[in-house]
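Taken together, the values in this text are just the output of simple stated rules run on the coordinates, not laboratory data. Worth saying up front: this structure is predicted, and the values here are computed from it rather than measured. When we count neighbours, we look across all protein chains shown, and the Cβ atoms used for this are built from the backbone with ideal geometry, even at glycine.
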Amino acid sequence: MRRREFITLLGGATSAHAWPLAAQAQTQEMPTIGFLNPSVGDTLADRLRGFRQGLGQTGFVEGENVAIVYRWADNQDEHLSELARELAGRRVAVIAATGGTNAALAAKAATTTIPIIFSVPGDPVKLGLVSSIARPNGNLTGVNFLSNELTTKRFELLHELTPTATHFAVFIDPSNAVNAESILKEIKPVAEKLGVQLRVFNVGTSDEINAAFASFEHDRPDALFVGNDQFFGSRRVQLANLASYHRLPAAFSADQIAEAGGLMSYSTDITEAWRQVGEYAGRILKGAKPADLPVVQMNKFKFVINRQTARMLGITVPQPLLVAADEVIE
């Protein structure tokens, strides 16, 4: 039995047998948020705190006046459609589809009536989620955390840290095809301009990450560029440890990976994006319509350099980059 199924069954058993009838009635009276995410819940504590903070700012506290039904795909995006349909079948008051494009598209396909709040890295208009940023129309709105737009800058920063590098490995998650295509579209012209070669690895599982790094024993790149996908964030310790073991400079799109030992990250503040999703969910519970809530475009970015890792790799970080960094890990 998969972990998410066990949790669902356990929760159902608790509701049916352990709760007093009065408590059951109180829960039924609460509005319910359906929370959909492609990852594993216990890896995203900081972001969940941001989501709950946003709810709190609109007057909602989980377990007191709002219930949340969590559905995690455990890094198996093929389950997102099934989980989204399940949430729609429960007739939740709103669906918070966090964690990227696939979750948002799965929720959109599951219902045309239940309000959906998404968080996506790419342009939600091009993705077909909304008709415009200012006036979304339909039953969707949310947050564009602009991670795709930061791809070029992240690649350039990695090149500044490794100016003699000529061969870059690139990790993308093939299960998130739209995002993977966007990443490659952004970095290929930059690589050509800088005169560096790319070798693309499709890695969507822990074993595939291990296999890709193992291949570096025979065909070693000079640096590693990891795409902006929530799956990679969930494997942050594995990625940071393997990059260190192979003494490979690497750039990431999540600051948690730099904090875990990765060389650098350049990203949107995803916790803030989730706070905004929580705030929008609360506003909808109070009667706002998604069509009247413009898509939020994040403008808060974070550049992290792990100077301890740089020293281990024999990299001297240029002073301008140290000055530009929002955080330097010593």
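Worth pointing out:
- Surrounding net charge for Pro136, when Lys and Arg each add one and Asp and Glu each subtract one, Cβ distance under 15 Å: +3
- The value obtained for the range 127-255, namely the Cα convex hull volume divided by the number of residues, is 117 Å³ per residue.
- Förster radius 25 Å - calculated FRET efficiency between Asn241 and Glu82 (Cβ-Cβ, nearest 0.05): 0.15
- Pairs of Lys residues in the chain, spaced 8 or more positions apart or belonging to different chains, with C-alpha separations under 24 angstrom: 17 in total.
- Fewest-first sequence of Asp207, Asp46, Asp77 by Cβ atoms within 10 Å of each Cβ: Asp207, Asp46, Asp77
- Note, ³J(HN,Hα) from phi for the range 136-142, Karplus 6.51, -1.76, 1.60, rounded to Hz, x at Gly and Pro: x, 6, x, 10, 10, 7, x
- GNM on the chain, alpha-carbon springs under 10 angstrom: the most fluctuating residue among Asp74, Asp42, Asp173 is Asp42.
- Scalar couplings 3J(HN,Hα) for the range 222-232, obtained by applying the Karplus form with A = 6.51, B = -1.76, C = 1.60 to θ = phi - 60°, are 8, 7, 10, 10, 9, x, 8, 9, 4, 4, 5 Hz; x denotes Gly and Pro.
- Listing Leu198, Leu157, Leu87 from fewest to most neighbouring C-beta atoms within 10 Å gives Leu198, Leu157, Leu87.
- Degrees between helix 177-194 axis and first principal axis of the chain (Cα, 0 to 90, nearest 10): 20
- This ranking places Ser132, Ser39, Ser81 by how few other beta-carbon atoms lie within 10 Å of each, fewest first, which gives Ser132, Ser81, Ser39.
- Principal axes of the range 209-328: Cα extent on each, largest first, Å: 58, 35, 17
- Computed E for Phe301/Thr112 - FRET, C-beta separation, R0 51 angstrom, nearest 0.05: 0.90
- Short-range pairs are left out: with C-alpha atoms under 8 Å and at least six residues apart, the relative contact order of the range 158-198 is 51 percent.
- To the nearest ten degrees, helix 206-215 and the longest principal axis of the Cα atoms of the chain are 10 degrees apart.
- Dividing the mean sequence gap of close Cα pairs (under 8 Å, 6+ apart) by how many residues the chain holds gives a relative contact order of 20 percent.
- Close amide H contacts of Arg199 (hydrogens built in the peptide plane, cut-off under 5 Å, sequence separation of 5 or more or a different chain): Phe168, Ala169, Val170.
- Estimated FRET transfer efficiency when R0 is 35 angstrom, pair Lys126-Ala324 (beta carbons, to 0.05): 0.75
- Computed log₁₀ I(q)/I(0) - Debye formula, equal Cα scatterers, no solvent, the chain, q 0.12 Å⁻¹: -0.83
- Taking the C-alpha atoms only, the angle from helix 101-110 to the longest principal axis of the chain is near 30 degrees.
- Spatial separation of Cα centroids for the range 272-330 and the range 129-193, in angstrom: 15
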